[in-house]
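Heads up: the structure comes next, in structure tokens.
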Amino acid sequence: MTAAVGPTDRPELGTQDHPLPPPDRTARSSPGASWAAFRAMLLRDFTILDKRLPQFVAGTVMQPLMLVFVLTYLFPKIGQAIGGGGGASRFSSLLMAGIVAQTIIFVGIFTVGTEMVRELGITGEMEDRLLAPTSVSLVAVEKIVSGGLQALFSAMVVFPIGAFVPSTPVYLDVQPVVLLTLTPLACLNAAALGLTMGSRFSPGTASYLFGVVALPLSFLGAIFYTWPSLTPVPALKYALLANPLVYVSEGFRAALVPSEPHLSLAVVYPAMIVSAVVFTVLGVRGLKQRVVT
Amino acid sequence: MCSSSPFEVSVPEPDGDGPAPTSPAIRTGGAESGPAPSDVVVTTCLRKVYPGGRVAVEELNLSVRRGEIFGLLGPNGAGKSTTVGMLTTRVIPTSGTAVVNGIDVRAYPARAKQAIGVVSQANTLDQGLNVWENLYFHGRYFGLGDRAARSAADELLERFRLADRKASEVEDLSGGMARRLMVARALLHRPAVIFLDEPTAGLDPQSRIALWEVLVELQGEGQTVLLTTHRMEEADEHCDRLAIMDHGRILAVDTPQGLKASLGSGAAVTARAEERLDELAAYLSRAAGVTEVRVIDGDVRFNLPAAHGAMQWVLAAAQAGGFRLTDLSVSDDTLETVFVNLTGQDLRE
């Protein structure tokens, strides 16, 4: 049994001094209402990002800046051995891809993930969006889209750091097609991963997000080394294929330093598509389970 | 077992996980015979069993008329929140139907959300947005264009006396202001019914009064309001009709006056005498309609079926029996008595 939602015959709300706006909306179809709500939620997210831009940039930049600074500026300067046989310059170039990948994944986990933990568990402020005239699934998808765009933005902020901070030259051979297709896929992966985690962690366990999830993901994510170089440790090499960050790092290597050995794009693309789909499904399901009983 | 009429309420049975209501009396108020077109909320055989088997709501038949303030009363765990959850799309019913403004909530949750406004007990204002933006974005979520959302936000802030705080962060608002803003937000898209969960909980007396002024004013303009509350005196004063719930069932639905008249214990009488207290108690307990006679601290206390005329009756009876009363007081029944009579006195936590 359904009926159109529209103006009712009840008296106007509002006082004479401050009448409420007339009910000018006629019945909205569900897809139309959902699309309007979706756009409004994106607008809300970016309004808040705009307000918190300095904090967002500082939070995004600090870790990659420190890593790049110590490993590729300071170490070569003080003569600390780094980069194996290839020397500091090669290492800086390899690290570039890893740093971009790590930034994207971290923004996904921390921006989307911790935001979800807070909004669902602490403040309950997601309530208003969950009551918007759309499905909970679309609220979840909006989070992924918004988180993905923020990850993209952060990658663009971090790129110059990897390129200009190292004390040795960074040699990049940018593959535009790979870069332009891989980056959105990486951002989608990151945001979906963040939603998956954020909808499953309670405020009490959220602190483990960094220690138990982000740290191992990062150190075992082929950021400081390439995946093919792990051949001497075969067990680890193949175990690492379970880490979605590995594909992102290796993919960026193919996009930025293609002459270096890296995981084949024939593996990277399908793996990233599969993991994006899996984490999107898990994230949407996670949010639904959390907010609808 | 669930009847087809939304107004026939089954007699509650002890279900083992709590005390049975002391009075199984069931009332439905008015001359209802079925859902009327003017009913904004209609539930039929609505039932919720949570995973694990806990039955939160048991075959609920409820109807809220357009333009009324309807109160849902019940002890903790009675099923109020689950009921409101099912009506506001957040809890999926196990069986039965919930219809809000003609829309089946379970089948069309996204559409149903256009017809409801929700004010939860916790402050769920968007912390990333300021006071004005909370209203503006709410309007945008509901499909208002930029200009319409702006003017709706401005007008509601004026109306709810929050205009001077429009640029404030919501975390800087007092509890009363935050609750008013949440009510304003819930109303912005002109829902057919707004749901308020314990609207005055945690507010100081001034804020409580201010909030009730708003709700009563809204009702005067035709807004339907469904609220849950523990505050009997507020329910008594402001609600047009009340449903008393326990163990997932509705035990009684009526106007506050109707509930008190039919389910109260009448008038509570305290008579003081200098001497022969026990004789007085024994004498009174033989009279028809006198119940719960006991002697406490030099007083004889007992109940009468109604407060009206009670004082004259007691005086005449005492005189006829040769007793001299030195003091006499009669207090009218309260909704709280009705509530405790129906739901028992056991502590619910």
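Bear in mind these aren't lab numbers, they're just calculated from the coordinates by the rules spelled out. Predicted, not measured: the structure shown is a model, and the values here were computed from it. All Cβ positions, even for glycine, are placed from backbone atoms using ideal geometry, and neighbour counts span all protein chains on display.
Taking A:Glu115, A:Glu260, A:Glu250 as the candidate residues, the one with maximal mean-square fluctuation in a Gaussian network model of chain A, Cα springs under 10 Å, is A:Glu260. For segment B:124-170, a Kirkwood hydrodynamic radius built from all Cα pairs, placed in the Stokes-Einstein relation at 37 °C and 0.692 mPa s, yields a translational diffusion coefficient of 315 µm²/s. Judged by the gyration tensor of its Cα atoms, with axes a ≥ b ≥ c, segment A:38-165 is prolate; a/c meets the 1.5 cut and a/b is the larger of a/b and b/c.
Where does the Debye-calculated log10 I(q)/I(0) of the protein assembly as shown sit at q = 0.05 Å⁻¹, using only Cα point scatterers of equal weight, no solvent? Results for the protein assembly as shown at q = 0.05 Å⁻¹ read -0.34.
Cross-link pairs exceeding 20 Å in C-alpha to C-alpha distance, out of A:Lys51/A:Lys143; A:Lys77/A:Lys237; A:Lys143/A:Lys288; A:Lys143/B:Lys166, comprise A:Lys77/A:Lys237; A:Lys143/B:Lys166.
Per residue, chain B reaches -9500 deg cm²/dmol at 222 nm when only DSSP H runs of four or more residues are counted, each adding -39500 (n - 2.57). Among A:Ala140, A:Thr72, A:Gly113, whose Cα lies farthest out toward the positive end of the dipole of chain A, if unit charges sit on the beta carbon of Lys, Arg (+1) and Asp, Glu (-1)? Looking along the dipole axis, the top candidate is A:Thr72. Under the convention that each Lys and Arg Cβ holds +1 and each Asp and Glu Cβ holds -1, the size of the dipole of segment A:31-291 around its Cα centre is about 200 debye.
Highest mobility in the GNM of chain B, judged by mean-square fluctuation with C-alpha springs under 10 Å and restricted to B:Glu158, B:Glu274, B:Glu213, is found for B:Glu274. Each 5 Å bin from zero holds the following percent of Cα-Cα pairs in segment B:265-332: 4, 20, 35, 29, 11, 1. Histogrammed with a bin width of 10 Å, the alpha carbon distances of chain A distribute as 6, 25, 30, 19, 10, 5, 3, 1, 0 percent, first bin at zero. Counting neighbouring beta carbons within 10 Å and listing from fewest to most, the residues B:His238, B:His308, B:His247, B:His138 come out as B:His308, B:His238, B:His247, B:His138. Say the dipole of the protein assembly as shown comes from +1 at the beta carbon of Lys and Arg and -1 at that of Asp and Glu; which of A:Leu195, A:Phe219, A:Phe91 then lies farthest toward its positive end? Of the candidates, A:Phe91 comes out farthest on the positive side. Helical content alone sets the calculated 222 nm signal of chain A at -19000 deg cm²/dmol, taking -39,500 (n - 2.57) per DSSP H segment of four or more residues and averaging over every residue. By other beta-carbon atoms within 10 Å, ranking A:Tyr208, B:Tyr141, A:Tyr73 with the fewest at the front produces A:Tyr208, A:Tyr73, B:Tyr141.
Calculate the translational D of chain B in whole µm² s⁻¹ from Stokes-Einstein, where the hydrodynamic radius comes from the Kirkwood formula applied to all Cα pairs, the temperature is 37 °C and the viscosity 0.692 mPa s. It diffuses with D of about 147 µm²/s by this estimate.
If you place +1 on the Cβ of every Lys and Arg and -1 on the Cβ of every Asp and Glu, how big does the dipole about the Cα centre of segment B:2-260 come out, in debye to the nearest 20? Walk me through the numbers on the way to the answer.
On the way: 27 positive and 33 negative charges, 135 e Å.
Result for segment B:2-260 is approximately 660 debye, rounded to the nearest 20.
Projecting the Cα atoms of B:Leu73, B:Gly344, B:Leu325 onto the dipole axis of chain B, where Lys and Arg carry +1 and Asp and Glu carry -1 at the beta carbon, places B:Leu73 farthest toward the positive end.
Summing Cβ point charges (Lys, Arg +1; Asp, Glu -1) relative to the Cα centre of the protein assembly as shown gives a dipole of roughly 2560 debye.
Structure remark: mean-square fluctuation, Gaussian network model of chain B, C-alpha springs under 10 Å; the largest value among B:Gly309, B:Gly96, B:Gly67 belongs to B:Gly309.
Average the reciprocal distances over every distinct pair of alpha-carbons in segment B:156-221, invert the result, and give the Kirkwood radius in Å. If you can, show how the numbers build up before the last one.
Values: mean 1/r = 0.0810 Å⁻¹.
For segment B:156-221, inverting the mean 1/r across all distinct Cα pairs yields 12.3 Å.
With Kirkwood's inverse mean 1/r over C-alpha pairs for Rh, give me the Rg to Rh ratio of segment B:227-349, two decimals please.
Numbers: Rg = 16.9 Å, Rh = 15.9 Å.
Rg divided by Rh gives 1.06.
Fewest-first ordering of B:Leu156, A:Leu263 by other beta carbons within 10 Å of each residue's beta carbon gives A:Leu263, B:Leu156.
Structural size metrics of segment B:69-130, computed from C-alpha coordinates, are Rg and Dmax of 13.3, 40 Å.
Across chain A, C-alpha contacts under 8 Å between residues 6 or more apart give a mean separation that, scaled by the residue count, equals a relative contact order of 24 percent. For the protein assembly as shown, the antiparallel share of DSSP beta bridges with both residues in that region comes to about 65%.
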